[in-house]
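Engineer: Below is a structure I'd like to ask you about.
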Amino acid sequence: MVTNTHTASTLSERQSADANPIPIQINDLTVAYHRKPVLWDINLSIPEGQLVAVVGPNGAGKSTLIKATLNLVSRASGAVHIYGRPYDEQRRMVGYVPQRESVDWDFPVNALDVVAMGLYHKIGWMKPVTRKHRQVALKELEKVGMAAYARRQISQLSGGQQQRVFLARALAQDARIYLMDEPFAGVDVATEKAIIALLKELKASGKTCVVVHHDLQTVPSYFDHVVLLNMRVVAAGLTGEVFTEENLKKTYGGKLTLLTQALHEISREPQLRSGGGRKTE
C-alpha cells in the first residue's frame, strides 16, 4: 500500500501534539559562546495557543534562546522538546522569522520566491515550484499586504516590507508554533499594525507565537504571557502577574527611565481593557 508521506507526517504531528499539549518544553538548557555562558540553566514551558513575549536587556540571550530551540546553536547542556519530541522530529510544526540583520538581502530572489521557500516541506527538496505552489505563496503575501510586490526583488523592498515577506513565508509553512526574533524592530507603523493583526489571527486559530520583543511599553497590550530573561529566566507567566516593577528591576538592573514608562503602561492596562482605549495622537 502506498502512503502519502506528507499526510502521514501531518497525522503523526497531530497525534504528538494531542498526546503532549506543551508546544515548547525547555529543560536545564545552557548555551555558551567561547566558554562564556549566554543562557544558564533555562527551564521553561511555553503555553499552547498564546502570544508569548521574550523580554530582556541587550545581550540577555533572547535570540540565542530562539536559536537553541531551533538547533541553530550548540547547547552545552539541556534539552528542548516540541510537543514532547526533539525538534528534528517536529521541525515542520515550527515557523521561524529571523532578525532582519541576519538575512542576506542582496540575494537575487523576489518576494514570491522567498514565500515559496516556506512550502518546501510540502514540495520536497530539488523539486520544482509549481503554479499551484506560487498561488499559495501569493495568498500568503496578500495576507500581509504585499501581493503587489510579489515580483519585486527582495533587496528593493523597504525594511518593513522585507519583514512582511518573511512573515508570509512563515505563514506558508502552516506551522503550529511560530518563533519570531524582533519582528517589530525598525518597522513602520503600518507594518507594526499588520504584524499585530497577524499575531491575533494566529492566536485565534490556536497557534502558539513566541516573539522576542524590545518595546516594554507595548508588552501589556500585545502579549498574553511574558518571559523575562537575563541569561536566566527571571520570571515567566501571565503578563498581568509577571510583568511587575520588581521583576523588571531584577531583569534590567534598575534602569528606571525605561521601567517607569513600562510600569505606566501596566497601570493603564486595566483601564484600556475596560473600554477606556488608547489615546491616538
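The values are calculated or read from the model by the stated rules, or taken from the named source; none is laboratory data. Owing to the predicted nature of the structure, the values given are computational and were not obtained by experimental measurement. Note: ideal-geometry Cβ built from the backbone for every residue, glycine included; neighbour counts use all protein chains shown.
Engineer: Keeping to the range 127-168, report how many residues are over 24 Å from the mean Cα position of the chain (by Cα), of a type in the set (A, V, I, L, M) and not in a helix (DSSP H, G or I).
Structural biologist: Within the range 127-168, residues that are over 24 Å from the mean Cα position of the chain (by Cα), of a type in the set (A, V, I, L, M) and not in a helix (DSSP H, G or I) number 1.
Engineer: Ok, one more. Return the residues of the range 103-145 that are modelled with pLDDT of 70 or more, of a type outside the set (A, V, I, L, M) and either within 22 Å of residue 176 (Cα to Cα) or surrounded by 14 or more Cβ atoms within 10 Å (Cβ to Cβ) (or both); say none if nothing qualifies. Explain how you work it out, then say what you get.
Structural biologist: Step one: filter the range 103-145 for residues modelled with pLDDT of 70 or more, giving 106-119, 130-145.
Among the residues that remain, those that are also of a type outside the set (A, V, I, L, M) are: 106-108, 110, 113, 118, 130-135, 139-140, 142-143, 145.
The answer is 110, 113, 118, 133, 134, 135, 139, 140, 142, 143, 145.
Engineer: If the requirement is being surrounded by fewer than 19 Cβ atoms within 10 Å (Cβ to Cβ), touching a Gly at 6+ places or on another chain (Cβ under 7 Å) and under 22 Å from residue 90 (Cβ atoms), which of these qualifies: 206, 186?
Structural biologist: Values: 186 fails: under 22 Å from residue 90 (Cβ atoms).
Among 206, 186, only 206 is surrounded by fewer than 19 Cβ atoms within 10 Å (Cβ to Cβ), touching a Gly at 6+ places or on another chain (Cβ under 7 Å) and under 22 Å from residue 90 (Cβ atoms).
Engineer: Could we say that residue 22 is touching a residue at least 40 places away in the same chain (Cβ under 8 Å), within 18 Å of the chain's Cα centre (by Cα), closer than 28 Å to residue 201 by Cα and crowded, with 19+ Cβ neighbours inside 10 Å here?
Structural biologist: Working: touching a residue at least 40 places away in the same chain (Cβ under 8 Å): yes; within 18 Å of the chain's Cα centre (by Cα): yes; closer than 28 Å to residue 201 by Cα: yes; crowded, with 19+ Cβ neighbours inside 10 Å: no.
No: the conditions fail for residue 22.
Engineer: Here's something else I'd like to know. On the basis of being part of a helix (DSSP H, G or I) and within 19 Å of residue 96 (Cα to Cα), does residue 190 make the cut? Please lay out each step first, then the result.
Structural biologist: Details: part of a helix (DSSP H, G or I): yes; within 19 Å of residue 96 (Cα to Cα): no.
Against the criterion (part of a helix (DSSP H, G or I) and within 19 Å of residue 96 (Cα to Cα)), residue 190 does not qualify.
Engineer: Separate question: Restricting to the range 209-253, what's the tally of residues that are part of a helix (DSSP H, G or I), out of contact with any Phe, Trp or Tyr (no Cβ under 9 Å at 6 or more places or on another chain), free of Cβ contacts under 8 Å to residues at least 60 places away in the same chain and surrounded by fewer than 22 Cβ atoms within 10 Å (Cβ to Cβ)?
Structural biologist: Of the residues in the range 209-253, 10 are part of a helix (DSSP H, G or I), out of contact with any Phe, Trp or Tyr (no Cβ under 9 Å at 6 or more places or on another chain), free of Cβ contacts under 8 Å to residues at least 60 places away in the same chain and surrounded by fewer than 22 Cβ atoms within 10 Å (Cβ to Cβ).
Engineer: Taking the range 42-68, which residues are among the β-branched types (Val, Ile, Thr) and under 18 Å from residue 230 (Cβ atoms)? Show your work before the answer.
Structural biologist: Filtering the range 42-68 down to residues among the β-branched types (Val, Ile, Thr) leaves 42, 46, 52, 54-55, 64, 66.
Passing the criteria: 42, 52, 54, 55, 64, 66.
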